[in-house]
Amino acid sequence: MIRVAVCAVALGVLVAPAAATAPPVGPLPPGPTIPLAAKAGRTFRITVAKPRVAGRVWRIARPYDPRVVREVREGETTTTIWWSFRAVHAGRTTIVLAQTLGERPHAYAARRIRVSVT
């Protein structure tokens, strides 16, 4: 019984850091706002060019309405980074991307995608 409890505690210690999230992104610089129309039940993809500066990454910077869209997956090619979303229900939300140096909060660039689902 004690062995099971020790294993559970050890597993919790090992899993907890993996569940941690990146710190929130701070103030965003000006950037383009891109309108995007999607139909409910369909998937769509947002793509940005990979940063040219070593160590910089694109990440989702602000919460969006999960009742309207949900992220399905993300990935990268040799030149781009992409996120695939599913349009869930009619409505509007904005997906905000920020380019940061690793997981630091300072944003060097931003993109806002204003999604309208019908």
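The values are calculated or read from the model by the stated rules, or taken from the named source; none is laboratory data. These numbers come from a predicted model, not from an experiment. Neighbour counts run over all protein chains shown; Cβ positions are idealised from the backbone, glycine included. We work out accessible area using only protein heavy atoms, side chains counted, and drop any ligands, DNA or RNA first. Shrake-Rupley method; radii C 1.70, N 1.55, O 1.52, S 1.80 Å.
Yes or no, residue by residue, for (1) exposed (fewer than 15 other Cβ atoms within 10 Å of the Cβ); (2) touching an Asp or Glu at 6+ places or on another chain (Cβ under 9 Å); (3) at pLDDT below 95; (4) more than 14 Å from Tyr108 (Cα to Cα):
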| residue | (1), (2), (3), (4) |
| --- | --- |
| Pro29 | yes, no, no, no |
| Pro35 | yes, no, no, yes |
| Ala40 | yes, no, no, yes |
| Ile46 | no, no, no, yes |
| Ala61 | no, no, no, no |
| Asp65 | no, no, no, yes |
| Glu71 | yes, no, no, yes |
| Trp82 | yes, yes, no, yes |
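Are there strands (runs of 3 or more DSSP E) fully within the stretch 58-118 with at least 2 residues that are closer than 18 Å to Gly26 by Cα? List them. Give the derivation first.
Details: elements: 69-76, 80-87, 91-101, 107-117.
Passing ranges, in order: 91-101, 107-117.
Hey, does the stretch 83-101 have a residue that's touching a Pro at 6+ places or on another chain (Cβ under 8 Å) and without any contact (Cβ under 8 Å) to a residue 60 or more places away in the chain? Before you say what the answer is, go through the steps one by one.
So in the stretch 83-101, the residues touching a Pro at 6+ places or on another chain (Cβ under 8 Å) come out as 88, 99.
Those left that are additionally without any contact (Cβ under 8 Å) to a residue 60 or more places away in the chain: 88, 99.
Yes, there is a match, as at least one residue in the stretch 83-101 is touching a Pro at 6+ places or on another chain (Cβ under 8 Å) and without any contact (Cβ under 8 Å) to a residue 60 or more places away in the chain.
State yes or no: is Val53 open to solvent by 60 Å² or more (accessible area, probe 1.4 Å) and part of a loop (DSSP other than H, G, I, E, B)?
The answer is yes for Val53.
Quick check on Ala107: is it farther than 21 Å from Ala38 by Cβ and either among the small types (Gly, Ala, Ser) or in contact with a helix residue (DSSP H, G or I) (Cβ under 8 Å, 6 or more places away or on another chain) (or both)? Before the answer, list the steps.
Working: farther than 21 Å from Ala38 by Cβ: yes; either among the small types (Gly, Ala, Ser) or in contact with a helix residue (DSSP H, G or I) (Cβ under 8 Å, 6 or more places away or on another chain) (or both): yes.
Answer is yes for this residue.
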